[in-house]
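The values are calculated or read from the model by the stated rules, or taken from the named source; none is laboratory data. Predicted model, so just to flag it, every value in this text is computed and none were measured. Cβ sites come from the backbone with ideal geometry, for glycine too, and all protein chains shown count toward neighbours. Please note that ligands, DNA and RNA were not included when accessible areas were found on the heavy atoms of the full protein model with its side chains. Shrake-Rupley method; radii C 1.70, N 1.55, O 1.52, S 1.80 Å.
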Amino acid sequence: MTLKPVSGQLVPVVVMLGAGIGGLFWLSTKEKAPEQVATSPVPPLVETITLKPETDGFQIHTTGTVVPRRVVTLSAEVAGAVVSKPDGIQSGHFVRQGTPLLTIDPQRYQIEFDKLASELQQVDADLKQLDTQEQGTRSLIELAERDVRIAGAALARLKDLAGMNAAAVADLDAVERTELQAQTSLVLLQNTQSRLPQQRVRLQAQRRLTELRQQEAQLNLDRTSLTSPFDGVISTVAVEQGNYVQTGDVLLTIEESSRLEVACTLQMDDLYWLWNALPEQNVARSVIEVPPAKATVTWQVAGKEFHWTGTLARYDGGGVDLKTRTVPCRVIVDQPQRSEASSGPPTLMRGMFVNITLDVTPGQRLWHIPIQGVQPNRQVWTVRSGILHTHTIHPVRTLPDGVLVRADATDLLPGD
């Protein structure tokens, strides 16, 4: 085995070991560190807010889509060719109530009406003739009655003479035959008179039937001209001038524009506060009908807001949506046109997505606590006589700037 020198490798190790021992000796000679004294923390500065009296009400916010209040599809009620269609009757055009829309060829319906009018004139003439016949029959019956009386008197005289053998049998037979003929004529006239009322009834029934047929003809004649049932916008036009249409064919569709609706949904919590705001005598009715409430409809565009006034009017289906657990409702806007529309939209339009604000006045006392005063775990701190008190609250409504709590469910008081 060959031994090699190691003195060059031990020098660095010895130097490092010596430096460590010297450092420990120097630290042991230093004085002890001064003891730290704990100082009391400075209480944080807080802002106090005085609890105001009960709130007068709050607002419910939701969104919705503008929809037409009425959409009417006009169909052909009579068959025929379209002979008139004004140029302005196009999809997207506005029409006033009573504006002519289309005209179906009325010629054959006019002919049918005129024919029935002639039949009425004929029935009226037959009735007048019947009146004359009745008057003449009464006169003939009066004459026949006189003839019977005269023949009866002559027969009586001749029988007296025959009893005295002063008249021949042949003469008596002739007088009896004359008296019998007079009675026969009277009976025939009386039978004719008895049939005249039945003829009158038949003619009057015929006249009534003709009048009904004429009314139907007039109705069909009126149906050849279509007019707008209300102020609205034409959404679709399915025919043009010259087309032949059958009964039931769709002609055009009109959407009412004088009044619009907004389809929206409300949470059950929202409906609770609307029901709560009603007088007790109207609560039962509100279960079936939506509680009325003033609504503000707002549309935002280009950084501006435009407002319309409406009314929460009815449920849309009367049930809870199983998917969203909300209740569909409708807000009616009676005046969708803006009178001050110098800028912005002149009117609400179908399909607009809008915000809806409902004003609610609760039927019970509520305290409004600003959001800054609500601590974690639903706690509120108050200072009474310089002492901090902790209150646990149960909010019944969360608003953008605070929460609402029932006045009878908390020990908070106005002025705290």
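Some observations on this one:
- Test: residue in the range 177-187 that is modelled with pLDDT of 90 or more, open to solvent by less than 70 Å² (accessible area, probe 1.4 Å) and part of a helix (DSSP H, G or I): no
- Within the range 402-416, residues that are touching a residue at least 12 places away in the same chain (Cβ under 8 Å) sit with their Cβ atoms under 9 Å from residues that are among the charged types (D, E, K, R) and assigned to a helix (DSSP H, G or I), at 6+ positions apart or across chains, in these pairs: V403/R378.
- Some residue of the range 286-305 being open to solvent by 60 Å² or more (accessible area, probe 1.4 Å), assigned to a loop (DSSP other than H, G, I, E, B) and of a type in the set (D, E, K, R): yes
- Lone unmet requirement of (1) at pLDDT 85 or above; (2) crowded, with 16+ Cβ neighbours inside 10 Å for H394: (2)
- Some residue of the range 209-221 being open to solvent by 70 Å² or more (accessible area, probe 1.4 Å), within 21 Å of the chain's Cα centre (by Cα) and either of a type in the set (A, V, I, L, M) or closer than 30 Å to D124 by Cα (or both): no
- Sole residue being of a type in the set (S, T, N, Q), open to solvent by less than 70 Å² (accessible area, probe 1.4 Å) and free of Cβ contacts under 8 Å to residues at least 24 places away in the same chain, chosen from S40, S75, S84, S139: S139
Matching residues to (1) free of Cβ contacts under 8 Å to residues at least 12 places away in the same chain; (2) surrounded by fewer than 18 Cβ atoms within 10 Å (Cβ to Cβ); (3) touching a Gly at 6+ places or on another chain (Cβ under 6 Å); (4) of a type outside the set (G, A, S):
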residue: G310; (1), (2), (3), (4): no, no, no, no
residue: G318; (1), (2), (3), (4): no, yes, no, no
residue: D334; (1), (2), (3), (4): no, yes, no, yes
residue: P345; (1), (2), (3), (4): no, yes, no, yes
residue: V360; (1), (2), (3), (4): no, no, yes, yes
residue: Q364; (1), (2), (3), (4): no, yes, no, yes
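- Residues of the range 47-72 satisfying the condition of being under 19 Å from the mean Cα position of the chain (by Cα) and open to solvent by less than 30 Å² (accessible area, probe 1.4 Å): G64, V66, P68
- Candidate set from the range 87-113 (those that are of a type in the set (F, W, Y) and surrounded by 15 or more Cβ atoms within 10 Å (Cβ to Cβ)); member that is nearest to I234 (Cα to Cα): Y109
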